[in-house]
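Contents: one structure, followed by commentary.
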């Protein structure tokens, strides 16, 4: 049906009357006006986030009206009409409202300058990622991802027969040479060589690693060599830390451009082939309950994604599209105000990260029992437990073990007793009153890949890590690391 309407709209026929669609009459919607109170960031030279958090910052109000006539009546001085409730809450097509697409396209161009890529709205990152999986994979195929990856995403395609190959990582993220090795040594008797790489380049969940520009370039070159499609899932892109200072002033014309240059370039910014599908979200920088995100992709994928969305979740909700369009407009923050808020938000999360590192170094590090990876982006620290120093640590011939991975069990072959020791330590931490996430929960199982030379070492032998967040309160960070250090010392004496 929407295809028919697209054709009629393209004809631009005068006097065309529609008795086709069952579109509710907007005049009958039971609301006349929406108001969103947001921080007033324009013209200020202080960090808006801490002032807003402590209720000391001034605010401004974004308004949306049922129709243009009501808006003109209440604000005759305004020459530009905002997105109306009547337009935002009517049925539309899967790409989202044109006004919201345009606003997000301008945001994407400011930070990525993607060549020949277009915007498709989604119901947040999870919606965008899972739709990409569905469109790109067929039953029995293998996808590539980091050896530790967020199970909320990697579990999604298992139901329709997609299987995963984990690529080894180090402190800086996925190792390009290991990616090339997996592809080069692939045994096609197991199925087609993987053609999709799913990757989180900034503040990777769970490891907190951020790929350097050099690694990104190498990974993109490997993708070109082996004809991989890259799904760039980047919800933490705007939460990058230890950046060069950029003057927080909205009076400088190139403020947004200079800030964008301090961030690590994205995969989509270097995509000359249209092989990158980039997925963004407001969940981490505005609010997770918004459930609104967007995809940057080539026109062909955009076309298929819109057709799929029209037959599945339908278009994103009107509340979020009205808010985002207004926020990014000249009446709201605009791009410069949005960037000022992002810069201030980064400072707040970086302060929390630094606090966690400081407490860890005071409470845990002196014992030599654990070390921590300093996250350059995101919300997570990756803590390594030095199990080799535990009196009951064992390493030898491979043995079959059952690993608890949060709700289900995985049978694999390990050459160490790391899984057993980590389960014991996790239990001890819970008894001590602390919850952290064990690496085994995020590990990509590789038991089926034992006869592939590059994958013979079980990932569970490398699961001597915990994920800890630093996005909580200062009190939670201090108390948590104190409990961690105490429980760790007791565990190593057992």
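General observations
- Directionally averaged projected area (the chain, Cα convex hull): 26.6 nm².
- Approximating the spin labels as points 7 Å out from Cα along Cα→Cβ, the residue 312-to-residue 192 distance works out to 1.8 nm.
- Across the chain, Cα pairs under 8 Å and at least six residues apart give a relative contact order of 17 percent.
- Antiparallel bridge percentage (DSSP; both residues within the chain; nearest 5): 70 percent
- With only Cα atoms counted, region 346-491 has Rg and Dmax values of 16.1, 48 Å.
- With 5 Å bins from 0: P(r) over region 70-147, alpha-carbon pairs, percent: 3, 11, 14, 16, 17, 14, 10, 6, 4, 2, 2, 1, 0
- Region 85-345: C-alpha gyration tensor shape, a/c 1.5 cut-off, then a/b vs b/c: oblate
- Residues in region 190-219 that a label on residue 160 would reach, taking backbone N under 19 Å of a point 7 Å out along Cα→Cβ: 192, 194-199
- Computed from the Cβ-Cβ distance with R0 of 41 Å, the FRET efficiency linking residue 361 to residue 402 stands at 0.70.
- Histogram of C-alpha separations across region 160-233, 10 Å bin width, %: 18, 54, 25, 3
- Counting 0.36 nm for each residue step from residue 431 to residue 476 and taking away their Cα separation leaves a gain of 14.5 nm.
- The label point for residue 258 and the one for residue 388, both projected 7 Å from the Cα toward the Cβ, are 4.7 nm apart.
- Additional length obtainable on full extension of the chain from residue 109 to residue 374, 0.36 nm per residue less Cα span: 92.4 nm
- Label-point separation, residue 273 to residue 70 (7 Å along Cα→Cβ), nm: 5.1 nm
- Cβ-derived FRET efficiency at R0 35 Å, residue 354 paired with residue 221, nearest 0.05: 0.50
- Taking only the Cα atoms of region 30-129, the ratio Rg/Rh comes out at 1.02, with Rh defined as the Kirkwood radius.
- Applying 0.36 nm per residue to the separation of residue 303 and residue 347 and subtracting their alpha-carbon distance, the gain on full extension is 12.0 nm.
- With a Förster radius of 30 Å applied to the beta-carbon distance between residue 60 and residue 245, the computed FRET efficiency rounds to 0.65.
- Annotation: region 99-139 has a Kirkwood hydrodynamic radius of 11.7 angstrom, from the mean reciprocal C-alpha pair distance.
- For region 279-330, projected area of the alpha-carbon convex hull averaged over all directions, nm²: 4.3 nm²
Laboratory data are not the source of any read-out in this text; all were calculated from the coordinates shown. Because the structure is a prediction, the values reported are computed rather than measured. Glycine also receives a Cβ, built like all others from the backbone with ideal geometry; neighbour counts cover every protein chain displayed.
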